[in-house]
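Data first, discussion second: the structure below is written as structure tokens.
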Ligand code: G16
């Protein structure tokens, strides 16, 4: 086994280093690209070198490493292990077959006191040789790396002169074991047990189990991604749900050709089963790396913004939150349903930009217990990532305690707090120029809206959202265009930060009806005036040529 140092004198490396990173600044917590792009010579290595040169405590520290099982997962683990050894890392903890969900990685980083973790995933994006790959970096608190760190890593990629790597290693990921590369130890662990222990400490498994055994049939779709093995163990083996409850439970390198994004479009089979069938009382799905969740009841879909509000309102059903919540937070485009509950409970509610990293300071400083986003992410202070299976268990715990159906729970909630009709319209794979022109044009017209009617209601504010972190006072600018109306309705526009093909325009629509109003309309009908007004104001159809959104949630 020997150490090899590549330098920019190496011609192939030079090409990779000069051309690869200039076209995209690393995203919210790492780098996401097509698989082909990622596995061009020296590309992954160059990005990992920049991480190792920038992250504090790498030399002599502990690192957690794993991924969602997509194509390239084990190949990348081999490269990163050899590079970690060359950089003097003391120990890397990785998992059997490299399978590690994002929330489980967050937990491991915290309990193993690691300096950070590298998670190999492009999240909900498709996988395989023709799909996407990604490298996410989490810090010592278990959460996505802060923007200051990802900025430094990006800067480092621009001046990188080479990278260090051990030439070979003999590590098997087939089963748990202990190895060495040079003086660095490598521990291959099961990766699932620690996460299950954590869940058992949060929830009352006995209560959930008796509820499920009392004829409450559930279906869980792992979308051929990372949560399959976790869900099988928790739902079927421990809680006693029927065998076969977990569908598509074996992680596949290309997710079986599916798009592992738990929404009504990409998890359509499960949605049809629940929305149009009578067999199941509860359905759920998680995304590629296990941090997102979708919740369904018989003939009903739970909007993620409502989900956060309902978890908040019923948090004391869960043993770990039985003393109540410190506070809650939501991302700006998420509906205000949770704000109404927080007000009633007398706890603080924070509004952050999109991106889980913005919850980190609030969680670390004890300002909040729960947080969530409209993009199917919900979580708590048990880890520093959103957590798909945790949300599923939280829902089951509430239903078990209240002995009711999902639909009943939602109706009770709206009857008490009113309903925030909400929908997100995504226009995917638009040409980047068209998307940016559209966005800039809307931004330039925002001030002209204030004081005038939009969808027949007066506009009270229209801006590009700015966030001031209440813990460290840092300011983040330009986090989404908002049109806020007098009656509490609003429209928000953002360009996605996670797509890899062209640009994705997201339009978020929201209007509030008090508990005396019509609580059972189809959201697309309830929001139809806003939908028509924003299409004409932003010229979405005209500029994109798209007659309808690619995905509606
Ligand atoms: C990531 C972040 C989420 C954020 C989402 C936004 O999700 O972790 O906190 O809500 O991106 O995506 P977009 O910019 O496309 O709207 P994930 O699940 O991809 O890690």
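Once you divide the Cα radius of gyration of the chain by 2.2 N^0.38 Å, the number left is 0.96. Under the criterion of Cα pairs below 8 Å and six or more residues apart, the relative contact order for segment 271-407 equals 27 percent. Fewest-first ordering of 168, 426, 78, 306 by other beta carbons within 10 Å of each residue's beta carbon gives 168, 78, 426, 306. With 0.36 nm allotted per residue and the present C-alpha distance subtracted, the residue 547-residue 440 stretch has 36.4 nm of extension available.
Dividing the mean sequence gap of close Cα pairs (under 8 Å, 6+ apart) by how many residues the chain holds gives a relative contact order of 13 percent. The DSSP beta bridges internal to segment 2-191 are antiparallel in roughly 60% of cases. Hydrodynamic analysis of segment 195-417 uses the Kirkwood radius over alpha carbon pairs. Inserted into Stokes-Einstein at 37 °C and 0.692 mPa s, it gives a translational diffusion coefficient of 190 µm²/s. The Cα center of segment 453-514 and the Cα center of segment 96-131 differ in position by 30 Å. Taking other C-beta atoms within 10 angstrom as a stand-in for reagent exposure, 551, 406 fall in the order 551, 406, fewest first. With neighbour counts taken as other beta-carbon atoms within 10 Å, the residues 475, 246, 92 rank, fewest first, as 475, 246, 92. Placing a label point 7 Å from the Cα of residue 90 along the Cα-to-Cβ direction, the residues of segment 179-209 with a backbone N closer than 15 Å are 183-187.
Against the chain, whose longest principal axis comes from its Cα atoms, helix 43-54 is set at around 90 degrees.
For segment 419-552, the calculated P(r) over all alpha carbon pairs, in 5 Å bins from 0 to the bin holding the longest distance, is 2, 10, 19, 22, 19, 15, 9, 4, 1, 0 percent.
By DSSP, the beta bridges lying fully in the chain are antiparallel in about 70 percent of cases. On a 0 to 90 degree scale, rounded to 10, what angle separates helix 73-86 from the longest Cα axis of the chain? With both axes taken from Cα atoms, the answer is about 50 degrees.
Across segment 2-191, the relative contact order, built from alpha-carbon pairs under 8 Å that are at least six residues apart, equals 33 percent. Summarising the strand pairing of segment 195-417, around 50 percent of its internal DSSP beta bridges are antiparallel. Remark: the residue 514-residue 433 segment gains 25.1 nm on full extension, using 0.36 nm per residue and subtracting the alpha carbon distance. Take the Cα radius of gyration of segment 2-191 and divide it by 2.2 N^0.38 Å, N being the number of residues; the result is 0.93. The angle separating the long axis of helix 147-159 from the principal Cα axis of greatest extent in the chain is about 40 degrees.
Spatial offset of segment 137-196 relative to segment 364-426 amounts to 32 Å, using the alpha carbon center of each.
FYI, it's all coordinate maths here, none of it is from the lab. The structure displayed is predicted, hence computed values, not measured ones. Glycine also receives a Cβ, built like all others from the backbone with ideal geometry; neighbour counts cover every protein chain displayed.
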